[in-house]
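Read the structure below first, then the notes.
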Amino acid sequence: MWFFTPEERELQKTCRDFARAEIAPMAEKLDTEEKFNLKAFRGMGDLGVLGITADPDYGGAGLGATAATIVMEEFGKADPGTTLSFLAHSVLCVNNINSNASPEQKAKYLPKLISGEHIGCMAMSEPGYGSDAVGMQTKAVKTGNDYIINGSKMWITNGNMADVSYVYTRTGTGKKDLTTFIVEKGAPGFSVSKEIHKMGMRTSPTAELAFQNCKVPESARVGAEGDSTVHMMKNLEIERITIAGISLGVAQACVDQCIKYAGERKQFGRNLANFQMIQKMIAEMATETETMRRLLYTVCYEYDHGHKSNTLASMVKLQLPKMATKIALDAIQLHGGYGYSREFPVERLMRDNKLNEIGAGTNEVMIMIIAKNLLKDALKE
Ligand SMILES: Cc1cc2nc3c(=O)[nH]c(=O)nc-3n(C[C@H](O)[C@H](O)[C@H](O)COP(=O)(O)OP(=O)(O)OC[C@H]3O[C@@H](n4cnc5c(N)ncnc54)[C@H](O)[C@@H]3O)c2cc1C
């Protein structure tokens, strides 16, 4: 984008090179085996992107939404699954600790999370509470100097391997009585109850977590009791923007792959590129991808310049994943039978991208938020 700073351009190049060398070559194999790319994750620590938005005092890069989204786009082109795990770590866990935790908690957890020695996750969703996350039922009760947590968390990205979990609980009877705890691996009463197998994002582990009289010290509480609704709201925009960045990467990867294939595959004695219907598909996919890019990075630019918008962040979260799924389906069509096979990346990109229409708030929830914001006054009637 024309307004990227020299540092952002440098970051883009570094991440593109890293993704080509460390992420892309392993994507197909690890997708089949349903395994996490731990080597690439540790490499991201050396690259300095695991704390992309975190305070430099704790080892972070201190950058904004544009930088974080650039990383998502570049990694997302290579492997959306690895990128989802990167997002859960760097945005859902590290960024939340950075914005909401005490200086002592930050000093204790951020350096190892940012270097890549530790892996983080964020646990909000529950088996019975997904879109209605604020209805969560996992309870934390204070007993002496400790809290006892009971309940379960569902769909937690990195949950089976996280050293540090940022866990939302209910600490009162009011709707907004939500409190977060930083729970360490091995805490008594805390376990992984199930690993979840998925159609896509298979290089990103997903788990159900169980809390059975799990005891954590008061010092694990983030902020005061009941602070978590406000904490949650603070970071919603960057969470929605960055997941849309993965979809931008998916769309661009599909366009690149289609251009390559149209120049190689011959039918009726000519490259596919010669057929007007194929040209139309590529021209439309590329136009849609460029539309996505310009919308997304404009919203990032505004966010970084103090104009956070819940409506715009929800719009990019709604529109980019939807468009990327359509583009990935078109890319499969353009590849014919080979597109439907595992020989080319487009089927994996489609399976992976579908998650972005569900995770971090479904399309329907984004529509509800956008409509509520736009119709606020009219709804008062
Ligand atoms: C691979 C993966 C990774 C994830 N990672 C994490 C993570 O790291 N941490 C975490 O906390 N969560 C995570 N999630 C959970 C994710 O955020 C939820 O799946 C999502 O919010 C939807 O919740 P649900 O699955 O319970 O669906 P439900 O809320 O049950 O929704 C089912 C359907 O009903 C629709 N719906 C619901 N309410 C309404 C309404 N009022 N009006 C209209 N339609 C409605 C939904 O849009 C959807 O189509 C992950 C999920 C997946 C699949």
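Laboratory data are not the source of any read-out in this text; all were calculated from the coordinates shown. None of the values given here were measured: they were computed from a predicted structure. Glycine also receives a Cβ, built like all others from the backbone with ideal geometry; neighbour counts cover every protein chain displayed.
The table for this structure:
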{"item": "Label point at residue 2 placed 7 Å out along Cα→Cβ; residues across the range 271-296 whose backbone nitrogen lies under 17 Å", "result": "290-296"}
{"item": "Exposure proxy order (Cβ contacts within 10 Å, fewest to most) of 20, 351", "result": "20, 351"}
{"item": "Rounded Å value of the spacing that divides the Cα centres of the range 167-202 and the range 1-80", "result": "26"}
{"item": "Rounded FRET efficiency, nearest 0.05, which uses the C-beta distance separating residue 260 from residue 280 and R0 of 22 Å", "result": "0.80"}
{"item": "Gained length - residue 104 relative to residue 362, 0.36 nm times residue gap less alpha-carbon distance", "result": "89.4 nm"}
{"item": "Nitroxide proxy distance, nm - points 7 Å out along Cα→Cβ at residue 175 and residue 301", "result": "3.8"}
{"item": "Amide hydrogen neighbours beyond the local backbone of residue 178, cut-off 5 Å, H modeled", "result": "171, 226, 228, 229"}
{"item": "Computed magnitude of the charge dipole of the chain (debye, nearest 20; Cβ of K, R +1, Cβ of D, E -1)", "result": "600"}
{"item": "Estimated FRET transfer efficiency when R0 is 25 angstrom, pair residue 134-residue 374 (beta carbons, to 0.05)", "result": "0.70"}
{"item": "Simple label model, 7 Å out from Cα along Cβ direction - residue 17 to residue 341, nm", "result": "3.6"}
{"item": "Test item: Cα-centred dipole of the range 235-376, Lys/Arg +1 and Asp/Glu -1 on Cβ, debye", "result": "220"}
{"item": "The chain, relative contact order in percent, only Cα pairs under 8 angstrom and at least six apart counted", "result": "16"}
{"item": "Ordering of 359-372, 235-248, 54-67 by burial proxy (mean other Cβ atoms within 10 Å per residue, highest first)", "result": "235-248, 54-67, 359-372"}
{"item": "Qualifying lysines (Cα of each under 19 Å from Cα of residue 106; at least 8 residues distant if same chain)", "result": "185, 234"}
{"item": "Net charge dipole size for the range 122-224 [Lys, Arg +1 and Asp, Glu -1 on Cβ; Debye, nearest 20]", "result": "140"}
{"item": "log₁₀ of I(q)/I(0) at q = 0.12 Å⁻¹ - the chain, Debye sum with one point per alpha carbon", "result": "-0.89"}
{"item": "Separation of alpha-carbon centers, the range 227-256 and the range 310-381, rounded to whole Å", "result": "12"}
{"item": "Residue 195-residue 311 FRET efficiency (beta carbon distance; Förster radius 30 Å; 0.05 resolution)", "result": "0.25"}
